[in-house]
Each structure stands twice: as structure tokens, then as C-alpha cells.
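Take a look at the structure set out below.
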Amino acid sequence: MRLKIGVFASHGGSNMQAIIDACRDGTIDGEVSVVICNNSTAYAVDRARAAGIPVYHLSGSNYPDADDLDEAMLLVLEKHKVNLVVLAGYMKKMSPAILKKFSNRVLNIHPALLPRHGGSGMYGMKVHEAVIADEDTETGATVHLVNDKYDDGSILGQVVVKVEEEDTPDILAKKVLPQEHMLYVETLRRIASGELKI
């Protein structure tokens with residue numbers, strides 16, 4: 001199936017950029033149709049604009065009522081004919097309304113080997129700090145389906161990164177991020193080609 005991807009982002013959007021590039025070079029049979037950001041100053045907004053992709057700032061600041069925000073998001077996704085939702089550093093829990101409309105079609109990436117170091121409050125550098133604190137010998141990234149619990153949905157793909165004795169959380173973050181990019185792109189390629197059924 002040709003993917004029409006709606007990306008939700010909150011910060012830098014480097015995973016989003018990797019997906020945009022992979023769609024444009026033909027690696028993924030699809031396109032990023034729209035970007036929704038809950039942070040109007042996020043670099044992801046600049047990336048989307050630079051790529052000529054429609055971008056919307058939708059958050060509690062312009063839609064204080066949660067139901068109104070859900071409706072606005074769903075209208076945008078419908079307008080751009082999105083058939084797959086991808087979270088790329090989106091720092092807000094997905095609402096039941098979106099999860100129902102896009103059942104088994106919302107993906108997220110997590111910077112660790114789930115189920116380790118997942119759950120509420122485990123994001124970004126906190127994950128890498130936990131890996132170091134637990135003296136894990138390996139970490140990595142996980143692409144999973146999103147459900148109503150943090151980092152709990154079915155795992156679609158993982159990549160392993162070795163943890164060296166001298167690694168700090170910062171070093172680990174720099175090692176894992178490029179692997180995230182590759183894993184997200186490969187997972188979406190497999191979905192688009194039909195190799196991976198969701």
C-alpha cells in the first residue's frame with residue numbers, strides 16, 4: 001500500500017527528516033502528507049516547511065478543550081488523506097479518538113530495546129541514563145504500534161546497539177539516533193511493500 005504518512009512531532013524532527021528523505025528517494029513507497037506539531041517553535045516545523053510539507057501547530061494552547069483538539073487533528077489527517085500516523089519525538093500521549101480512527105496504524109520509535117526502559121516518563125536522555133545506570137551491555141531502538149499505554153504496543157522492529165564501558169548517556173544518544181533513523185525507514189519500507197502486515 002502506498003503510504004500517506006501523517007507525522008506528529010514536538011522537537012527536532014530528525015526521524016521525520018529521515019522518513020521524508022526515504023520517501024523522496026523511493027526507499028519508502030509513500031509520502032509524508034502532513035506534519036502536526038504541538039510546539040510552534042520546534043525545528044520539526046522548519047524541516048517540514050523546507051520540504052514543502054503542510055504543517056499545523058495543534059496543541060492545548062490553541063485548542064484548550066481536549067475534544068476540540070482531537071477533532072482538529074482528525075480533520076487535518078482526513079484532509080490530507082493520511083493512512084498511517086507516525087510519531088517522531090511527539091511528547092504527548094495519543095488520544096483514544098485518534099487511536100480508534102487509526103487502529104493499528106499509529107507507530108512510534110523508542111530509544112531502547114523495549115520492554116526495557118519504557119513506560120511513563122521514559123523518553124529522550126532519561127532512557128539512555130537508565131541504560132547506563134543499569135549497566136546494560138546492549139541497548140538500541142524499537143519501533144512499535146501505539147496503544148493506550150506508554151511503549152506497550154506490539155513490537156514491529158528492533159535494532160541492537162552495543163554499550164561500551166566508557167559510554168555516557170550523551171555518547172549513547174549519539175550512537176542510537178542514526179540507528180533509529182535506519183530502523184524507522186526500514187520498518188515503513190516493509191509496511192509499504194507488504195512484507196510487514198499491521
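The values are calculated or read from the model by the stated rules, or taken from the named source; none is laboratory data. If you're wondering where the values come from, they're calculated on a predicted model, not measured in any experiment. In this analysis, Cβ positions are derived from the backbone assuming ideal geometry, glycine residues included, and neighbour counts consider all displayed protein chains.
Can you tell me which residue is farthest from V163 (Cα to Cα) among those in the stretch 135-146 that are out of contact with any His (no Cβ under 9 Å at 6 or more places or on another chain) and assigned to a loop (DSSP other than H, G, I, E, B)? Step by step, filter the stretch 135-146, then rank; the result is V146.
Pairs meeting the criteria (first residue in the stretch 136-153 and at negative phi, second residue assigned to a strand (DSSP E or B) and charged (D, E, K, R), beta carbons under 8 Å, at least 6 apart or on different chains) are T137/K162; E138/K162. When only residues in the stretch 137-174 that are more than 20 Å from Q17 (Cβ to Cβ) and of a type in the set (G, A, S) count, which is surrounded by the fewest Cβ atoms within 10 Å (Cβ to Cβ)? Ranking the candidates gives S154 first. Scanning the stretch 45-72 for residues being within 18 Å of K93 (Cα to Cα), in contact with a strand residue (DSSP E or B) (Cβ under 6 Å, 6 or more places away or on another chain) and crowded, with 17+ Cβ neighbours inside 10 Å gives a total of 2. Filtering the stretch 91-117 to residues that are part of a loop (DSSP other than H, G, I, E, B), modelled with pLDDT of 95 or more and more than 13 Å from N147 (Cβ to Cβ) leaves P111, A112, L113, P115, R116, H117. All of (1) hydrophobic (A, V, I, L, M, F, W, C); (2) farther than 24 Å from M1 by Cβ; (3) in contact (Cβ under 8 Å) with a residue 40 or more places away in the chain hold for M122 with one exception: (3). Going through the stretch 34-64 one residue at a time, which ones are assigned to a helix (DSSP H, G or I) and aromatic (F, W, Y)? Hit for the stretch 34-64 is Y43, nothing else.
Working only within the stretch 8-33, note down all residues that are under 15 Å from the mean Cα position of the chain (by Cα), assigned to a loop (DSSP other than H, G, I, E, B) and either aliphatic (A, V, I, L, M) or buried (at least 21 other Cβ atoms within 10 Å of the Cβ) (or both). Correct list: G13 only.
Considering the stretch 147-165, and only residues there that are part of a loop (DSSP other than H, G, I, E, B) and of a type in the set (G, A, S), the residue that is nearest to P96 (Cα to Cα) turns out to be G153. Filtered by the rule that a residue be of a type in the set (S, T, Y) and either at pLDDT 95 or above or touching a Phe, Trp or Tyr at 6+ places or on another chain (Cβ under 7 Å) (or both), the stretch 124-170 gives T137, T139, T142, S154, T168. Within the set I5, I36, the sole residue that is surrounded by 22 or more Cβ atoms within 10 Å (Cβ to Cβ), modelled with pLDDT of 95 or more, of a type outside the set (D, E, K, R) and more than 19 Å from L196 (Cβ to Cβ) turns out to be I36. Does L177 meet the test of being touching a residue at least 24 places away in the same chain (Cβ under 8 Å), surrounded by fewer than 19 Cβ atoms within 10 Å (Cβ to Cβ) and in contact with a Lys or Arg (Cβ under 6 Å, 6 or more places away or on another chain)? When the stated conditions are applied, L177 does not pass them. Among the residues of the stretch 46-69, those identified as under 27 Å from R2 (Cα atoms) and touching a residue at least 24 places away in the same chain (Cβ under 8 Å) are R47, A48, A51, I53, P54.
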